[in-house]
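Notes to accompany the following structure.
The values are calculated or read from the model by the stated rules, or taken from the named source; none is laboratory data. All values reported here derive from a predicted model rather than from experimental measurement. We place every Cβ from the backbone using ideal geometry, glycine too, and count neighbours over all the protein chains shown. Just so you know, the surface numbers come from the protein's heavy atoms only, side chains and all, with ligands and any DNA or RNA stripped out. Shrake-Rupley method; radii C 1.70, N 1.55, O 1.52, S 1.80 Å.
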Amino acid sequence: MATNPHIQFERRGAEQEVAVVRITRAPKRNALNDALVLALRDVFETLPAGVRAAVITGEGEHFCAGLDLSELQDRDASQGLMHSRMWHAALDCVQYGPVPVVAALQGAVVGGGLELASACHIRVADETTFYALPEGSRGIFVGGGGAVRIPRLIGVARMTDMMLTGRVYNAADGERIGLAQYLVPQGTAYDKAVELATRIASNAPMTNYALTHVLPRIADQSADQGLMTEAMMAAIAQSAPEAKERVRAFVEGRAAKVQKG
Ligand code: 1HE
C-alpha cells in the first residue's frame with residue numbers, strides 16, 4: 001500500500017472503513033519531499049475496497065512544514081512547471097479520490113502543508129495549530145493548488161494578506177475565518193477526525209460522492225448550470241435503493257431525528 005518510509009497506512013472502525021494516512025517525518029516537521037508527495041498520490045489512488053472515509057494526520061507537534069526546502073534546486077521554468085503539476089496531480093487524488101478526507105491538524109500548517117490541508121474535505125484543528133504561507137517571504141509562490149483552494153476557504157483578500165505580509169493565523173482565528181471547520185483541545189484533533197470520518201463512512205456512498213465530486217464543481221458553475229447539475233445529482237442520489245431504504249426508515253420512525261445542536 002504505502003511505499004514510502006514516511007507514510008503509515010492503517011484502518012480503523014468496526015468494519016475497517018476508515019483509512020488513516022499518517023505522515024511520519026516529525027524530525028523534519030513532516031516536510032514534503034517529492035517522494036512523499038508521490039506516495040500520497042499513490043495511497044489515495046489505491047485505497048482498498050471497503051474504505052469509506054479517510055483521515056490525514058502528521059506525526060509529532062506539527063502537521064506539515066510544507067515543501068521540503070532542502071530539495072528546492074535550481075529548476076528551470078519547465079521543471080518548475082512540472083514540479084507544481086506533480087503536486088496538483090497528487091492533491092487532486094486527495095480531493096477527488098474515492099472517499100471524503102478529514103485532516104487532523106496541530107502545530108504548523110504552513111506552505112504546502114496548508115495546501116495539503118486545503119485539499120481535504122474537512123479540517124479539524126487543535127489549539128496549537130497555526131497557519132501561514134511563508135512562500136511570500138521565501139521569494140516563491142504557492143504551487144500545490146493553494147491559489148485555487150485557499151481563496152475558496154478564506155477569500156482572495158485574506159490569502160493575499162498572508163502572502164504579502166507573512167501573517168500567521170492562530171487556531172482560533174483560523175477557525176473563525178474558515179481555515180478549519182472544527183477547533184478542539186490540544187492533542188485531540190486526531191481522535192475528533194477519526195470520529196468524524198467514522199460518521200461520514202456511515203453515509204450513503206453516493207451522497208458522499210455528490211459532496212466530494214459534484215458540489216465543488218457546482219460551485220464553479222454558473223447558477224443556471226449549477227441548478228441543472230444539482231437536479232441531475234439529486235435524481236441519481238434519490239434513485240439508489242439505499243436512499244429509498246434510508247428515507248423509508250425515517251418515515252416509519254426507525255431512523256434518528258435531527259438533534260438540536
Ligand atoms: C524543514 C522544513 C522544510 C523544517 N523543508 N526542512 N515551509 C516553510 O517555509 C516552513 C519552514 N519551517 C519552519 O518554519 C519551522 O521548521 C516550523 C515552524 C515548521 C517548525 O519549527 P521548529 O522549531 O519546531 O523546527 P525547526 O528546528 O525549524 O526544524 C526541525 C528540522 O526540520 C530542521 O532540520 P535539522 O536537520 O536542522 O534538524 C529543519 O531544517 C527541518 N525543516 N521545515 C525542509 N519546509 C508546492 S509549493 C509549496 C511551497 C512551500 O511549502 S514553501 C513553505 C515551506
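For the chain, averaging the sequence separation of C-alpha pairs within contact (under 8 Å, six or more residues apart) and dividing by the residue count gives a relative contact order of 16 percent. Taken over segment 110-261, the ratio of Cα radius of gyration to 2.2 N^0.38 Å equals 1.27. Each residue of segment 71-171 gets 100 Å³ once the volume of the Cα convex hull is shared out per residue. Its Cα centre serving as origin, the chain has a Cβ charge dipole (Lys and Arg +1, Asp and Glu -1) of approximately 560 debye.
The string of couplings for segment 130-135 from the Karplus curve (6.51, -1.76, 1.60, θ = phi - 60°) is 9, 10, 7, 10, x, 3 Hz, one whole number per residue in order, with x for Gly and Pro.
Note on Asp42/Phe250: beta-carbon distance plugged into 1/(1 + (r/R0)^6) with R0 of 41 Å gives a FRET efficiency of 0.55. Helix screen, the chain: DSSP H segments with Cα axial length of 20 Å or more and mean Kyte-Doolittle hydropathy at least -0.5 are 77-95, 223-239. A 1.4 Å probe run over the protein chains yields, for the chain, 51 Å² of accessible area per residue, whole-number rounding. Relative contact order for segment 139-229: what percent, with Cα pairs under 8 Å and sequence separation of 6 or more? Once normalised by length, the contact order is 13 percent.
Rounded to the nearest 500, the helix-only mean residue ellipticity at 222 nm of the chain stands at -13500 deg cm²/dmol, with each DSSP H run of n ≥ 4 adding -39,500 (n - 2.57).
Proximity of backbone amide H atoms, modeled 1.01 Å from N, is registered between Val184 and Ala125, Asp126, Glu127 at under 5 Å, excluding neighbours fewer than 5 places apart on the same chain.
For Ala103, nonlocal amide neighbours, meaning residues 5 or more places apart or on other chains whose placed amide H falls under 5 Å from its own, are Ile56, His121, Ile122, Arg123, Val124.
Computed extension length for Ala237-Val148: 29.2 nm, one decimal, from 0.36 nm per residue of separation with the Cα-Cα distance subtracted. Panel note: the C-alpha atoms of the chain, placed on their principal axes, show extents of 63, 42, 34 Å (largest first).
Dipole check for segment 6-89: with +1 at the C-beta of Lys and Arg, -1 at the C-beta of Asp and Glu, and the Cα centre as origin, the magnitude is about 160 Debye. The label point for Thr229 and the one for Met86, both projected 7 Å from the Cα toward the Cβ, are 3.0 nm apart.
Only protein heavy atoms count here; under a 1.4 Å probe, Glu242 has an accessible surface of about 70 Å². Which listed residue (Gly113, Ser70, Gly50) has the Cα farthest towards the positive end of the charge dipole for segment 38-184, taking +1 on Lys and Arg C-beta and -1 on Asp and Glu C-beta about the Cα centre? Comparing the listed Cα positions along the dipole, Gly50 ranks first. Placing R0 at 25 angstrom, the Cβ-Cβ distance between Asp191 and Ala49 gives a FRET efficiency of 0.45 after rounding to 0.05. Relative contact order of segment 22-70, taken over Cα pairs closer than 8 Å and 6 or more residues apart, is 64 percent.
As a calculated quantity, the FRET efficiency between Arg11 and Leu164 at R0 = 41 Å, using C-beta atoms, amounts to about 0.45. Phi-derived couplings, Karplus 6.51 cos²θ - 1.76 cosθ + 1.60 at θ = phi - 60°, listed residue by residue for segment 252-259: 8, x, 9, 10, 5, 7, 6, 8 Hz, with x used for Gly and Pro. Only protein atoms count toward the accessible area here, which uses a 1.4 Å probe; on segment 58-128, the carbon and sulfur part of that area reaches 53 percent. Here, segment 1-99 has an Rg and a Dmax of 14.2, 50 Å when only alpha carbons are counted.
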